[in-house]
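Visitor: Sending over a structure as structure tokens; questions will come in a sec.
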Amino acid sequence: MRAIGYTRVSTEEQGDSRAGLEAQEAAIRAEVKHRGWELKEMMSDVASGGSLRKRDELGRALRMLAAKDADILVVAKLDRLSRKVSFIAALMDDPKIKLRVASMPHADNFQLHIYAALAEQERAFISLRTKAALAAAKAKGKRLGGLRDKTMKRNAAVQANAAARAHRLAGIVQPLRQSGATL
């Protein structure tokens, strides 16, 4: 059987560290080896489990399964595939797609539905905990929005480059204006 491994982490920082991806890959490789399957390809995305946007590799994996370029999709844990019950249920109902979860290789469809519901509920809990933590930090006066700092630095660099360019061009443009030339 030709398997496609699929891994996912939620944040760019997790993607950059690769620790979570490597752990998932190890679990997938172990399951594929245990079953005597061929690992055709390992694919990964960095995206929220509740969203299907920016999941290019998952889309590619599903297209490969539909086209019979591979036989089965293997994930380390069900929540790495998605934290949306409807999406997981749709995959399980699709006759072109076979799914194996390395952390629960003997789970039947009923159990996978239960775990999918738990994964979706955990996504809601994660959101609530994050919002509560941010509200508490804000109440203590902490400045939120680390990306704002990066954006401000990037904007400052863009402005500095524009000012330098304007200064260089001023040597050309100002004499032309003084001589009566128009642009």
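The values are calculated or read from the model by the stated rules, or taken from the named source; none is laboratory data. Only a predicted model underlies this, so the values are computations on that prediction, with no experimental measurement involved. Note: ideal-geometry Cβ built from the backbone for every residue, glycine included; neighbour counts use all protein chains shown. Heavy atoms of the whole protein, side chains included, go into the accessibility calculation; ligands, DNA and RNA do not. Shrake-Rupley method; radii C 1.70, N 1.55, O 1.52, S 1.80 Å.
Visitor: I need to check one value: relative contact order of the chain, counting alpha carbon pairs closer than 8 Å and at least 6 residues apart, in percent.
Guide: The value is 19 percent.
Visitor: So how far, in whole Å, is the C-alpha centre of the range 99-140 from the one of the range 72-89?
Guide: 12
Visitor: Pick from A116, A66, A137: which residue has the top mean-square fluctuation in a GNM of the chain where Cα pairs under 10 Å get a spring?
Guide: A137
Visitor: Solvent-accessible area per residue for the chain at a 1.4 Å probe radius, Å²?
Guide: In whole numbers, the chain has 65 Å² accessible per residue.
Visitor: Then there's this: So, in nm, how far is label K131 from label Q111 when the simple model puts each one 7 Å beyond its Cα toward the Cβ?
Guide: That separation, rounded to one decimal, is 3.4 nm.
Visitor: Trypsin sites (Lys or Arg not before Pro), restricted to the range 1-93: which are DSSP loop and have at most 13 other Cβ atoms within 10 Å?
Guide: R18, R53, K54, K68
Visitor: Tell me, what are the semi-axes, in whole angstrom and largest first, of the equivalent ellipsoid of the chain as set by the roots of 5 times the Cα gyration tensor eigenvalues?
Guide: Taking √(5λ) for each Cα gyration eigenvalue gives 48, 24, 14 Å.
Visitor: Can you give me the Kirkwood hydrodynamic radius for the range 5-77, using every pair of distinct Cα atoms, in Å to one decimal?
Guide: Radius from the Kirkwood sum: 12.7 Å.
Visitor: At a 1.4 Å probe radius, carbon and sulfur cover how many percent of the accessible area of the range 82-152?
Guide: Within the range 82-152, the accessible surface is 61 percent carbon and sulfur.
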